[in-house]
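Below: one structure, written as structure tokens.
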Number of protein chains: 2
Amino acid sequence: MTVKHVDDISVNEVPAGSGTSVQVLISGEEAPNFALRRFIMEPGGGMPLHTNSVEHEQYVLRGRARVTIGDEEFEVRAGNTVFIPAGVPHSYRSVGEEPFEFLCSVPNEPDTVEILESG
Amino acid sequence: MTVKHVDDISVNEVPAGSGTSVQVLISGEEAPNFALRRFIMEPGGGMPLHTNSVEHEQYVLRGRARVTIGDEEFEVRAGNTVFIPAGVPHSYRSVGEEPFEFLCSVPNEPDTVEILESG
């Protein structure tokens, strides 16, 4: 059992993104089936189009972003949930004036990331 | 792929709790490995001590609660993460003046719930 607070968890830059960092809130070592992470994207920052070999289950905490999934584009805000199946190309662009923050759960399986275009 | 907003998702009472409701944000039918739910506990509401046969990965969105896990008690607030392993007794009591809201992910496995004491 673990109880933590995001303010006490280290924040790491995501090299493939711009203005993007991640916190591992509940790791794959702590939990048997899936991990919970928080991403923070500064205004104007984001992640270029890419695929993951694992699915994403996401919940937007703060801010706004344009999210491309497959051939559709969405604008998301606090309270949006996003499910991205494994292998589907997706990108994020933080828009608005405050950081875009979201939770993202992934299964405890190897994740192969393929960047499809530069940021 | 699905993109939804919590404001558009039905809210269902949790009969085993008091003042407690749940929304299924990403269901076990939509996603292959785990489901994402949001729980809402009115001030004074909560869930009595119980066990689940699956683990919980949680993130507190709003409000405050006293959470008992095993033989420890915690007070949690927005930004707390909670990992409760399968089979460990736990309870929730919403304290403070606004609803206690948290996300809770569970694996797509049968969940047997055992209530250990009345609320």
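Among the residues of segment A:1-41, those identified as in contact (Cβ under 8 Å) with a residue 12 or more places away in the chain, not in a strand (DSSP E or B) and not charged (D, E, K, R) are A:Val6, A:Ile9, A:Ser10, A:Val11, A:Val14, A:Ala16, A:Gly17, A:Gly28, A:Ala31, A:Pro32, A:Asn33. Residues that are at the interface with another protein chain (Cβ under 10 Å from one of its Cβ atoms) and either β-branched (Val, Ile, Thr) or not in a strand (DSSP E or B) (or both) within segment B:57-67 comprise B:Val60, B:Val67, listed in sequence order. With the requirement that a residue be part of a loop (DSSP other than H, G, I, E, B) and in contact with a Leu (Cβ under 7 Å, 6 or more places away or on another chain), what does segment B:73-115 give you? Within segment B:73-115, B:Ala78, B:Pro89 qualify. Would you mind stating whether B:Gly70 is free of Cβ contacts under 8 Å to residues at least 24 places away in the same chain, within 10 Å of chain A (Cβ to nearest Cβ) and surrounded by 15 or more Cβ atoms within 10 Å (Cβ to Cβ)? Considered against the rule, which asks whether it is free of Cβ contacts under 8 Å to residues at least 24 places away in the same chain, within 10 Å of chain A (Cβ to nearest Cβ) and surrounded by 15 or more Cβ atoms within 10 Å (Cβ to Cβ), B:Gly70 comes out as no. Taking into account only those residues within segment A:28-54 that are out of contact with any Lys or Arg (no Cβ under 9 Å at 6 or more places or on another chain) and small (Gly, Ala, Ser), which is farthest from B:Leu103 (Cα to Cα)? Here the answer is A:Ser53. Filtered by the rule that a residue be touching a Gly at 6+ places or on another chain (Cβ under 7 Å) and surrounded by 15 or more Cβ atoms within 10 Å (Cβ to Cβ), segment B:97-115 gives B:Pro99, B:Phe100, B:Glu101, B:Asn108.
Can you say whether A:Ser118 is of a type in the set (S, T, N, Q), surrounded by fewer than 21 Cβ atoms within 10 Å (Cβ to Cβ), at pLDDT below 95 and in contact with a strand residue (DSSP E or B) (Cβ under 9 Å, 6 or more places away or on another chain), as far as the supplied structure shows?
yes
Does B:Gly17 fit the bill of being among the small types (Gly, Ala, Ser) and in contact with a Ser or Thr (Cβ under 7 Å, 6 or more places away or on another chain)? In short, no.
Here's the yes/no breakdown for (1) of a type outside the set (Val, Ile, Thr); (2) surrounded by 15 or more Cβ atoms within 10 Å (Cβ to Cβ):
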position	(1), (2)
A:Val11	no, no
A:Ala16	yes, no
A:Arg38	yes, yes
A:Asn80	yes, yes
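For segment A:84-96, which positions are facing chain B (nearest Cβ under 9 Å) and either closer than 20 Å to A:Ser21 by Cα or of a type in the set (Gly, Ala, Ser) (or both)?
Passing the criteria: A:Ile84, A:Ala86, A:His90.
Among the residues of segment B:40-52, those that are more than 14 Å from chain A (Cβ to nearest Cβ) and either crowded, with 18+ Cβ neighbours inside 10 Å or touching a Leu at 6+ places or on another chain (Cβ under 9 Å) (or both) comprise B:Met41, B:Gly45, B:Gly46, B:Met47, B:Pro48, B:Leu49, B:His50.
The values are calculated or read from the model by the stated rules, or taken from the named source; none is laboratory data. None of these values were measured; they are calculated from a predicted model. Note: ideal-geometry Cβ built from the backbone for every residue, glycine included; neighbour counts use all protein chains shown.
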